[in-house]
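Reviewing the structure listed below.
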Amino acid sequence: MNTALRTFATILLGLFLAATPASGTMQPAASTTAPLPDVATLLRSVEANQEALDRAREEYTFRQQQRLTFYDKHGKVRRSEERVSNVFFVHGHPIETLTGKNGKALSASDLKKEQDRATKEAVKYAAQPYGQRDKDEVSVSRLLAITRFTNPRRIMEGGRSLIVVDFTGDPHAKTHGRSEDAVKKVRGTVWIDESAREVKRMHATFDEPMRIGFGLFATVDAGSNFAFEQALIHNEAWLPTSVDALFDGKAALFVGFHVELSIRFDQYRKFGASTIRIH
């Protein structure tokens, strides 16, 4: 069961990392009296700048700390799992190297296996041209086709102008693949930095159940929700800061589950001339 949830969480995180630009320098905030930008145009400008912004994000590595907590039907903690990884990007794709589990560092041999795997993954993506999408990624064009955006408004936060938009999946839209199916079944709100054309925050809730797991026969219930945030780091790159999710559902044999996912990112560091990415 935990494998299915971890896979699903990875898909969601990948969706939002891939669907948002990676960097942008600080710019003056837009006037609060300026006309609101067209949402479709705003999102397409994000996509148009993706390659250049991805290149800037690749100058950074950072730590990812993930905790999965499993509860029984009475709300009592059954068990928790912790994973610590180093993350960097290659051609827009996040590459993770696991360094610790449940409070213990990996053994030298296990760390070597992780580093070798990360190296192979990095080499694979480095050989691909920028803009080549994974099968689970959803383009802005497809996002606009299967999602309704409503109630745009402008707020000020930390001296920055943010465009806030509500969204919901179009129940009548035709989808292709599990990622588009997931997007179609959620509603929520997105906060976009107006000057940087960057998604700062996103909250979303499932409106209907969704099946997850590759042959594991698990279903996430309606009401399950997740949130994603990122920030401008060192005035150079927009990088993730947190992911939080709450999943309720049923696994095989109608076993109910209640799981909380928490991911925190920190220790942002630029690659130096002699930095080896997987260490």
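The values are calculated or read from the model by the stated rules, or taken from the named source; none is laboratory data. The shown structure was predicted, so the numbers you read here are calculated from the model rather than taken from an experiment. Here Cβ is always computed from backbone atoms with ideal geometry, including for glycine, and neighbour counts include all displayed protein chains. What goes into the accessible areas is simple: the full protein's heavy atoms, side chains included, and nothing from ligands, DNA or RNA. Shrake-Rupley method; radii C 1.70, N 1.55, O 1.52, S 1.80 Å.
Overview of values
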read-out	value
Any pair with Cβ under 6 angstrom, 6 or more apart, that starts in segment 199-211 at a residue that is closer than 16 Å to residue 180 by Cβ and ends at one that is open to solvent by 30 Å² or more (accessible area, probe 1.4 Å) and outside any strand (DSSP E or B)	206/185; 206/222; 207/185; 207/222; 208/185; 208/222; 210/185
Matching residues in segment 72-103 - criterion: being under 15 Å from residue 268 (Cβ atoms) and in contact with a His (Cβ under 9 Å, 6 or more places away or on another chain)	86
Residue that is modelled with the lowest pLDDT, among those in segment 94-140 that are open to solvent by less than 80 Å² (accessible area, probe 1.4 Å) and in a strand (DSSP E or B)	94
Output for segment 233-249, where each listed residue is open to solvent by 20 Å² or more (accessible area, probe 1.4 Å), modelled with pLDDT under 90 and in contact with a Lys or Arg (Cβ under 9 Å, 6 or more places away or on another chain)	234, 236
Condition met for residue 69 (over 17 Å from residue 266 (Cβ atoms) and under 24 Å from the mean Cα position of the chain (by Cα))	yes
Residue among 223, 256 that is at pLDDT below 80 and open to solvent by less than 70 Å² (accessible area, probe 1.4 Å)	256
